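K.L.:
Provided herewith is a single structure, encoded as structure tokens, for subsequent inquiry.
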There are 2 protein chains.
Amino acid sequence: MPQYSAPMNDIKFVLHEVLKAESLTKIPDYAESSPDLVDQILEEGAKICEEILFPINQSGDEEGCTLKDGEVTTPKGFRQAYDAFAQGGWCGISADPEFGGMGLPQLVNTVMQEMICSANFSFGMYPGLSQGAYEALHQFGTDEQKQTYLPKLVTGEWSGTMCLTEPHCGTDLGLIRTKAVPDKDGSYHITGTKIFISAGEHDLSENIIHLVLARLPDAPEGVKGISLFVVPKFLPDDMGRNDIHCGSLEHKMGIKASSTCVMNMEGAKGWLVGKPHKGLRAMFTMMNAARLGVAMQGLGIAEVAYQNGLEYAKERLQMRALDGAKEPDKEADPIIVHPDVRRMLLTSKAFCEGARALSYWVGMNLDLSLKSEDEQERQAADDLVALMTPIIKAYQTDMGFEVASLAMQIHGGHGYIHEYGVEQYARDARIAMIYEGTNGIQALDLVGRKMGAHMGRYLRRFFHPVSEFIEAHQANKDMAEFIFPLAKAFAKLQQSTAITAQKGLKNPVEAGAASTDYLRQFALVALGYMWAQMVVISQEKLASDEGAQSKEFYESKIKTARFFFTRMLPEADWRFKAIMAGAEPLMELEAANF
Amino acid sequence: MPQYSAPMNDIKFVLHEVLKAESLTKIPDYAESSPDLVDQILEEGAKICEEILFPINQSGDEEGCTLKDGEVTTPKGFRQAYDAFAQGGWCGISADPEFGGMGLPQLVNTVMQEMICSANFSFGMYPGLSQGAYEALHQFGTDEQKQTYLPKLVTGEWSGTMCLTEPHCGTDLGLIRTKAVPDKDGSYHITGTKIFISAGEHDLSENIIHLVLARLPDAPEGVKGISLFVVPKFLPDDMGRNDIHCGSLEHKMGIKASSTCVMNMEGAKGWLVGKPHKGLRAMFTMMNAARLGVAMQGLGIAEVAYQNGLEYAKERLQMRALDGAKEPDKEADPIIVHPDVRRMLLTSKAFCEGARALSYWVGMNLDLSLKSEDEQERQAADDLVALMTPIIKAYQTDMGFEVASLAMQIHGGHGYIHEYGVEQYARDARIAMIYEGTNGIQALDLVGRKMGAHMGRYLRRFFHPVSEFIEAHQANKDMAEFIFPLAKAFAKLQQSTAITAQKGLKNPVEAGAASTDYLRQFALVALGYMWAQMVVISQEKLASDEGAQSKEFYESKIKTARFFFTRMLPEADWRFKAIMAGAEPLMELEAANF
């Protein structure tokens, strides 16, 4: 049976030692979020994840959701779990206290997203989508809309969705056909079909608040003619049933306990959110937070897959170590003695711990971007979040799937069998590379929108601290084995950045051709930056009295970093070479001759 | 709905132009296998795959196998398909004519394996396992055993299995506990439990012939005490039911239409095959052919996934090309205009076509190793097959899964939905990385058994022709862009070979630490060698009258090769660096501190 235990030691290490996140308490809004309180809340959150969400993960996958007479039933135990989750206040941990939220930093939410997804990816979809709806209404809704919807979304009594995709368009929202016709009372009649709507219909909450993209009658063509509407399942005034219905459920590879609905609207009543024709912008603002959430799904699924691969590798006895028996009293050695099993485990560990530092860093910057009292700091943090969001969304979800696949491989034949639980992680993980903008779209966002923005200002938010870090530690002999490869990889990243930016200005196809490899190269350097910082801290701790108490922890950090720099970071060289090859090898073959 | 069309043009190109496989007809046993006959047979085979096996692939996945009262029912249509397949003679295309086989080259079988797996991976398991049983009995059985079992295995009236794995041991067969106690009549009573037995029970054939590994009472411990037995479901003399029963079916990630059984034996009647205590050797002889078959599964699933990704990329209209609309009369351009979609398609295409050449080359050498009249040629071919089998098994199955995942990615959200069919390819593909020896075990086989064997003789079977090829073409200016990177990558492979061999002699952990990266590096160079040869041929053809008729085909080869050399081959540099890092970064972390 699979297992999950929240990695609280590592989470605290990242929060307190790497990020020194207590600095957030200087922000008045977060003044009460003391480190002790945050730890306490996260430990409570970990308990919910381990004891309530995780035990129904495997059964939820087996049972799936069912649709009957337009009503969706979630798997056994999901209602009770959702009630416990909502009653614990977990739907609104970072929500505005004005509407009943706990007002905790986004960083706390980021950590929770990781743990929820480790415990039960499918379950996490329901409150996750509500957060998206909350954000959209909080930022763009009228006061009346906020008063109507936010308090119930925050308690979890109501849940939310984002209705974007239609059968003929996902990535290209300019093609949307759903129509909104104004009524005399100021509302709209909305008609159209939306597909792939997560949490579109289910039995967890009293009401479901859909945020729907549609076109007004006078809308310009394309993306400039899309407006955002709030379309509740039950109308808030009299709780009458609105004409938005689930037509069918998709049969998916994974996240089977998350309902994925086709939603049909036949003149459903809705209200405009924000300005006419500005819906896409509103949706994109929301989507940045959603993409960070998806990045956490990648990390979360990798963490739980790694834990199970590790446990199996320690327990499974098979063959002897190549240099002689390690446990001669047993019939064979545990497979963790084998270098190739360790390669898979260390790849997983180096990713999880590095990505944890990286994505929490982005989460903390999200707080600074929203709440810092210093405008310059807000801007700088906002830039960094904008830059790093596509990178961690794509890289962490690619790796979430890869690490889940490695956990299967460590399990051998058992990895392919449902009972052991790890094949579910691979199936669940796979969606995160696709939704909220495919990873290819993330890469285009990086080279197209982020790279050149404001004369490279976003890039400098990352490049400057890395440069400074390298400079500060390059004379430190103990750091040489880490700083040298980081500096080399960083120099190549600067080079590919300059070339891609330059070529891309002349011909955007060149930027597109570089995009995925560039994103991966960037992510590897970013992970290297995180690992090098963690080594500095670990070396300092080991030299101090404090560190001696957790010697193994800090030594393990340094050894894992060594693996990362010698075995994983060199992938960036391959990516660099692929980028340098330019667009021609991709573009010269005519479509008909593939 | 997914689709499959056998890539006959490319298959013929590899057989006739790259391999010049008609040379096999010089071998008396193959004298009748004229190129025309082979083409005709393959075209018939393609029809069976496209028209009979493929249409029940998706429904087979949905329905799966069911177990009731010890009997397994395969999905709807499988019995009829099996009957058609068997009646067409496809179970015995390469089998010995003495026992009713068609006696066609193994190479023809290799091609068929690719197509069968493209069409219906699960279906292919049944005749695939029979082939394994046939091989074992053909090589190691007594005359009486051959007369009893082979003719019925060849017609497909009976099918076969390989019963190796037990709950506590898969990779480490030395731990096997199943017991065989001699009876007075020369037979044995076999008792034990086997797991993960593909085709262990089903309703396709009249009888199932199990080949079972077990221990005799006087057996030495470990791998030197394992014997091979034939244990038929129904006894051949009176067709009485033997005491070997399916206890349960595994619930797997994929290949759901292939029954994976727990087999219980309670004193089942069996007969020794080959010599006592020599069962593992017999099993391994068989396994080489089985591993080549699994390599073909990797290629087969990649091919069908690629075809469906390509079709979708040509049809799906979404966004405009980055450098301006390509089809302005449509509401958007087909997504194949986007460089990142092309990156995914070209990765798939370059793999499939390169791997086709590579694995057919190995298939042809299997024929030479078995049938050549020249002993030296037999030996050389046998060495090459021994060397390349673990490489193509691991690399092609890794890539089978990766290409299936790329096809999902090209499909966007639709890729995650069962209806579109591509997510099934990823689920089905995943098993091939695990069974018949995990890919980690293949890598250990390469560095442990193949690299050092006979003072590097196996290696020379590959290194010499590559050296000669590079030398022969290095002065050709038209080839420079291909020969230069190949020569560079090849030099690095020679370097990592020397270092790994040298370090591995002193400490086998070093070889183990290099193994997976080394195998991948080797595979990339081997694919490069294939692509460079295909470019030479294509350039020659284009310069001739003959080539002008298929200009697009040969130009497409050259352009795909360009993609391979500039974008895929550089991965070998990363692998080289990882190998050079040595074992320490893998081994220094104590198991308890992971």
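K.L.:
Restricting to Cα pairs below 8 Å that are 6+ residues apart, what does the relative contact order work out to for the range B:451-587? Please round to a whole percent. Please list the in-between numbers first.
P.N.:
Details: 111 pairs, mean separation 40.9, N = 137.
Worked out over the range B:451-587, it gives 30 percent.
K.L.:
For the pair B:Q87 and A:E590, what calculated FRET efficiency results from E = 1/(1 + (r/R0)^6), where r is the Cβ-Cβ distance and R0 = 51 Å, to the nearest 0.05?
P.N.:
0.75
K.L.:
Please give the Cα centre distance for the range A:232-297 versus the range B:292-331, rounded to the nearest Å.
P.N.:
When both Cα centres are located, 29 Å separates them.
K.L.:
So, with +1 on the Cβ of K and R and -1 on the Cβ of D and E, and no other charges, what is the size of the charge dipole of the protein assembly as shown about its Cα centre, to the nearest 20 debye?
P.N.:
Once rounded to the nearest 20, the dipole reads 2140 debye.
K.L.:
Which order, highest average first, do A:283-289, A:431-437, A:151-157 follow once you tally other Cβ atoms within 10 Å for each residue and take the mean per peptide?
P.N.:
Values: A:283-289: 19.3, A:431-437: 24.6, A:151-157: 21.0.
Answer by packing, highest mean first, reads A:431-437, A:151-157, A:283-289.
K.L.:
Would you list, by chain and number, the lysines whose Cα falls below 23 Å from the Cα of B:K68, excluding same-chain residues fewer than 8 positions away?
P.N.:
B:K76, B:K194, B:K233, B:K252, B:K256
K.L.:
Roughly how tilted is helix B:143-155, in degrees to the nearest 10 and between 0 and 90, from the longest Cα axis of chain B?
P.N.:
That works out to roughly 50 degrees.
K.L.:
Let's see if you can work this out: charge +1 on each Lys and Arg Cβ, -1 on each Asp and Glu Cβ, no other charges. What is the dipole magnitude of the range A:158-282 about its Cα centre, in debye to the nearest 20?
P.N.:
Using Cβ point charges on Lys, Arg, Asp and Glu, the range A:158-282 gives about 400 debye.
K.L.:
When the helices in chain A are scored as -39500 (n - 2.57) per DSSP H run of 4 or longer and the sum is shared across all residues, what 222 nm value do you end up with, to the nearest 500 deg cm²/dmol?
P.N.:
Details: 18 runs with 316 residues, N = 594.
Calculated mean residue ellipticity at 222 nm is -18000 deg cm²/dmol.
K.L.:
Sorted from largest to smallest, which semi-axis lengths in Å does the alpha carbon gyration tensor of the protein assembly as shown give for its equivalent ellipsoid, taking the root of 5 times each eigenvalue?
P.N.:
Values for the protein assembly as shown, descending: 49, 33, 32 Å.
K.L.:
Let's test the formula: R0 of 22 Å, r as the Cβ-Cβ distance of A:K326 and A:F553. What FRET efficiency results, to the nearest 0.05?
P.N.:
Working: r = 23 Å, r/R0 = 1.06.
Once rounded, the FRET efficiency stands at 0.40.
K.L.:
Can you give the mean number of other chain Cβ atoms that lie within 10 Å of the Cβ atoms in peptide B:557-566?
P.N.:
Taking all residues of B:557-566 together, the mean is 4.
K.L.:
Would you order B:R79, A:R316 from fewest to most other beta-carbon atoms within 10 Å of each residue's own beta-carbon?
P.N.:
With the fewest neighbours first, B:R79, A:R316 line up as B:R79, A:R316.
K.L.:
How many percent of Cα pairs in the range B:158-279 exceed 20 Å?
P.N.:
Details: 2807 of 7381 pairs.
Roughly 38 percent, rounded to a whole number.
K.L.:
Among the lysines, which have Cα under 16 Å from the Cα of A:K326 when same-chain residues fewer than 8 positions away are ignored?
P.N.:
The reachable lysines, counting only those whose Cα sits under 16 Å from A:K326, are A:K314.
K.L.:
So, one more: Note the angle between two axes, namely the Cα long axis of helix B:35-48 and the longest principal axis of the Cα atoms of chain B, as a number of degrees from 0 to 90, rounded to the nearest 10.
P.N.:
On a 0 to 90 degree scale, this one is about 80.
K.L.:
Could you point to the residue in B:H411, B:A501, B:V422 farthest towards the positive end of the range B:394-503's charge dipole, with +1 and -1 charges on the Cβ of Lys/Arg and Asp/Glu respectively?
P.N.:
It is B:A501.
K.L.:
Of all the Cα-Cα pairs you can form in the range A:451-594, what percent are over 28 Å apart?
P.N.:
Distances greater than 28 Å cover 31 percent of the Cα pairs.
K.L.:
Out of all DSSP beta bridges with both ends in chain A, state the antiparallel percent to the nearest 5. Kindly include the intermediate steps, with their values, before the conclusion.
P.N.:
Working: 33 of 41 bridges.
Of those bridges, close to 80 percent are antiparallel.
K.L.:
Still on this structure: Students often get this wrong, so check it: of A:K477/A:K557; A:K577/B:K559; A:K224/A:K269; B:K47/B:K557, which have C-alpha atoms separated by over 20 Å?
P.N.:
A:K224/A:K269; B:K47/B:K557
K.L.:
Let me confirm one metric for peptide B:163-175, namely the mean number of other chain beta-carbon atoms within 10 Å of its residues' beta-carbons. Walk me through the intermediate numbers first.
P.N.:
Values: counts 0, 0, 2, 0, 1, 5, 6, 5, 8, 9, 2, 5, 5.
That average works out to 4.
K.L.:
Would you list B:T397, A:T193 from fewest to most Cβ contacts within 10 Å?
P.N.:
Lowest count first: A:T193, B:T397.
K.L.:
Taking 8 Å as the Cα distance limit and 6 or more residues as the minimum spacing, I'd like the relative contact order of chain B as a percentage.
P.N.:
12
K.L.:
Can you find, among A:M8, A:V38, A:S59, the residue sitting farthest towards the positive end of the charge dipole of the range A:8-152, where Lys and Arg contribute +1 and Asp and Glu -1 at Cβ?
P.N.:
In the range A:8-152, that residue is A:S59.
K.L.:
Here is a further query. Find how much the distance from A:L37 to A:D203 grows on full extension, using 0.36 nm per residue of separation minus their present alpha carbon separation; answer in nm with one decimal.
P.N.:
Stretched fully, the A:L37-A:D203 segment lengthens by 56.4 nm.
K.L.:
When a footprinting reagent is the concern and you count Cβ atoms within 10 Å, what order do A:T438, A:T566, B:T66 take, fewest first?
P.N.:
Numbers: A:T438 24, A:T566 19, B:T66 12.
Result, fewest neighbours first: B:T66, A:T566, A:T438.
K.L.:
Still on this structure, please answer the following. Round to the nearest 0.05 the FRET efficiency obtained for A:R177 and A:E144 when R0 = 35 Å and r is the Cβ-Cβ distance. Provide the component values of the computation, followed by the final result.
P.N.:
Values: r = 29 Å, r/R0 = 0.83.
After rounding to 0.05, the efficiency reads 0.75.
K.L.:
Moving on. Checking the cross-link filter: which lysines have an alpha carbon closer than 22 Å to that of A:K26, excluding same-chain neighbours under 8 positions apart?
P.N.:
A:K12, A:K371
K.L.:
Starting from the Cα of B:Q379, move 7 Å in the Cα-to-Cβ direction to define the label point; list residues of the range B:449-477 whose amide nitrogen is under 19 Å from there.
P.N.:
Residues B:450-465 fall inside that zone.
K.L.:
Taking each residue of A:331-341 in turn, how many C-beta atoms of other protein chains fall within 10 Å of its C-beta, and what is the average?
P.N.:
Numbers: counts 7, 6, 1, 1, 3, 5, 4, 10, 15, 13, 4.
Whole-number average of other-chain Cβ neighbours for A:331-341 is 6.
K.L.:
A follow-up question, please. In debye to the nearest 20, how big a dipole does the range B:451-587 give about its Cα centre with +1 on each Lys and Arg Cβ and -1 on each Asp and Glu Cβ?
P.N.:
380
K.L.:
Compute the distribution of all C-alpha to C-alpha distances in the range B:295-334, in bins of 5 Å from 0, and list the percent of pairs in each, rounded to whole numbers.
P.N.:
It works out to 5, 23, 19, 14, 12, 10, 8, 7, 2, in whole percents.
None of the figures in this text is laboratory data; all of them are computed from the coordinates on show. Quick caveat: nothing in here was measured; it's all calculated off a predicted structure. We place every Cβ from the backbone using ideal geometry, glycine too, and count neighbours over all the protein chains shown.
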